[in-house]
Amino acid sequence: MTRPLGGRGAINPVRVSVACELGHDIDGAWWPRVDRITNELPQLVAALTPLLGGITSINVNWPPLQRPPDFNWTGWEHKRQHVITVTGGNALANLLVIPYATYTALAVLLLRSAANQPIDPADRGKPAFLTACSILRAAQQQARPRV
């Protein structure tokens, strides 16, 4: 079972999904509404605090000036996927950051896939689903330490 977070009824709820079982290379995904993710970090922290406990650190796997890959076009495959690790007093979650301008169909499938939520069988053959699987696989592989 997975938990979509973000609060119902909010004007612009945070778009994040987190798997019920944490501890994977990727535990879910976050789809910010704007390019500057710092604008939405307070809402992300508020959404994740009940799940992770009081947030103690937030770490990213990219340098400050590196733009996220553009999932809407080819070429993302050769770029580092952006992952944010949010650590709380009880647990931590590794979230794939979905660039804000990502097409809705792809972003929704990434949110669901990253959190191990069910995908409608009718969507499994669509190009957006196949792209979502490839993006998630790339993020998982990048998160694993090289041996």
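Hey, can you tell me all the residues within the range 118-132 that are closer than 30 Å to T49 by Cβ and either surrounded by fewer than 19 Cβ atoms within 10 Å (Cβ to Cβ) or of a type in the set (K, R) (or both)? Can you show your working first?
So in the range 118-132, the residues closer than 30 Å to T49 by Cβ come out as 118-119, 132.
Hits for the range 118-132 are P118, I119.
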message: Just the residues that are outside any helix (DSSP H, G or I) and among the charged types (D, E, K, R), please, taken from the range 95-128.
response: D120, R124, K126
query: When the range 71-120 is examined, which residues are found to be over 16 Å from the mean Cα position of the chain (by Cα) and among the small types (G, A, S)?
result: G75, G88, G89, A91
- prompt: Considering I98, I119, which residue is closer than 23 Å to Q142 by Cα and aliphatic (A, V, I, L, M)?
  reply: I98
- request: Output the residues belonging to the range 67-97 that are on the phi < 0 side of the Ramachandran plot and without any contact (Cβ under 8 Å) to a residue 24 or more places away in the chain.
  value: R67, W73, T74, H78, K79, H82
- prompt: A91: modelled with pLDDT of 95 or more, of a type in the set (A, V, I, L, M) and under 25 Å from F129 (Cβ atoms), yes or no?
  reply: no
task: Spot the failing condition for Y100; the list is (1) over 17 Å from P69 (Cα atoms); (2) in contact (Cβ under 8 Å) with a residue 60 or more places away in the chain; (3) open to solvent by 90 Å² or more (accessible area, probe 1.4 Å), and only one is missed.
output: (1)
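Does I37 satisfy the condition of being at pLDDT below 95 and touching a helix residue (DSSP H, G or I) at 6+ places or on another chain (Cβ under 9 Å)? If you could, list the steps in order and put the result at the bottom.
Values: at pLDDT below 95: yes; touching a helix residue (DSSP H, G or I) at 6+ places or on another chain (Cβ under 9 Å): yes.
When the stated conditions are applied, I37 passes them.
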message: Exactly one of these conditions fails for L48: (1) modelled with pLDDT under 95; (2) surrounded by 20 or more Cβ atoms within 10 Å (Cβ to Cβ); (3) of a type outside the set (F, W, Y). Give me its number.
response: (1)
message: Being in contact with a Leu (Cβ under 8 Å, 6 or more places away or on another chain) and aliphatic (A, V, I, L, M) narrows it down to one residue among L106, L48; which is it?
response: L48
query: For the subset of the range 22-45 comprising residues that are under 16 Å from L136 (Cβ atoms) and either without any contact (Cβ under 8 Å) to a residue 24 or more places away in the chain or not hydrophobic (A, V, I, L, M, F, W, C) (or both), which member is most open to solvent (accessible area, probe 1.4 Å)?
result: H24
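The values are calculated or read from the model by the stated rules, or taken from the named source; none is laboratory data. Values in this document were obtained by computation on a predicted structure and should not be read as measured data. Glycine also receives a Cβ, built like all others from the backbone with ideal geometry; neighbour counts cover every protein chain displayed. Just so you know, the surface numbers come from the protein's heavy atoms only, side chains and all, with ligands and any DNA or RNA stripped out. Shrake-Rupley method; radii C 1.70, N 1.55, O 1.52, S 1.80 Å.
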